[in-house]
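The values are calculated or read from the model by the stated rules, or taken from the named source; none is laboratory data. Everything numeric here is computed off the predicted structure, so don't read it as measured data. Don't worry about glycine lacking a Cβ; one is built from the backbone with ideal geometry, like all the others, and counts go over all protein chains shown.
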Amino acid sequence: MYDRGIDLAREEFIGFSVRRMIDMNLFAYPTAAKRYASGRPFFHPLAIEKIKEVCCKNGRIDFAFDVGCGTGQSTQALLEVAEKIIGLDSSAEMLSHAVHHERIRFVGGQAERMPFADAAFGLMTAALAFHWFDQQKFLLEAQR
C-alpha cells in the first residue's frame with residue numbers, strides 16, 4: 001500500500017536539509033575559496049557568445065550584474081559585453097580571491113536582498129550560483 005505520508009515526511013526532511021545548506025556559507029573558509037579560484041571550470045566563452053546572441057544584438061550593455069560571482073571569473077568574462085559590472089557574493093573569502101579591474105566593482109551581499117535600485121542593470125547573470133540561492137526569493141528580487 002502506498003503511503004503519501006512517507007513522501008511528505010521525506011520532502012520536509014530534504015527541504016530542511018537543503019535549506020540548512022543554503023543558510024551555511026561553505027565558501028567562508030580560506031582554503032575553500034582558494035581551491036575554487038584555481039579549480040573552477042572555465043566555460044565563459046560559450047556563455048558570452050550566447051549572451052551576445054540573445055542580449056547584445058545592438059552592441060554592448062552599459063551596466064551588468066553578476067550575482068553569486070564567487071571569485072569573479074564570470075564577472076571578468078562579462079567585460080566582453082558590458083561597460084561596467086558589479087559582482088555580488090555572500091562570501092568575503094571568495095571575493096578576496098577576485099581579480100580586480102577598473103570596470104568591475106565587487107560587493108558583499110545576498111542574492112535574495114540585492115542592495116541596488118530597481119531596474120539598475122541591463123543584464124543580470126548567475127553563472128554557477130543559482131542552486132545556492134533561495135530561488136523563489138531570488139527570482140522575485142531579480143524581477144525588480
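Considering only residues in the range 85-111 that are hydrophobic (A, V, I, L, M, F, W, C) and assigned to a strand (DSSP E or B), the one that is surrounded by the fewest Cβ atoms within 10 Å (Cβ to Cβ) turns out to be Val107. Only one of the numbered conditions (1) at pLDDT 95 or above; (2) more than 11 Å from the chain's Cα centre (by Cα); (3) not small (Gly, Ala, Ser) is violated by Phe116, and that is (1). Every test in (1) part of a loop (DSSP other than H, G, I, E, B); (2) more than 26 Å from Leu46 (Cα to Cα) is passed by Gln136 save one, and that test is (1). Any residue at all in the range 77-84 that's among the small types (Gly, Ala, Ser), within 23 Å of Leu139 (Cα to Cα) and touching a Ser or Thr at 6+ places or on another chain (Cβ under 8 Å)? The answer is no, given that none of the residues of the range 77-84 is among the small types (Gly, Ala, Ser), within 23 Å of Leu139 (Cα to Cα) and touching a Ser or Thr at 6+ places or on another chain (Cβ under 8 Å). Of the helices (runs of 4 or more DSSP H) lying entirely inside the range 26-84, those carrying at least 2 residues that are in contact with a His (Cβ under 7 Å, 6 or more places away or on another chain), within 19 Å of Ala129 (Cα to Cα) and at pLDDT 70 or above are 73-77.
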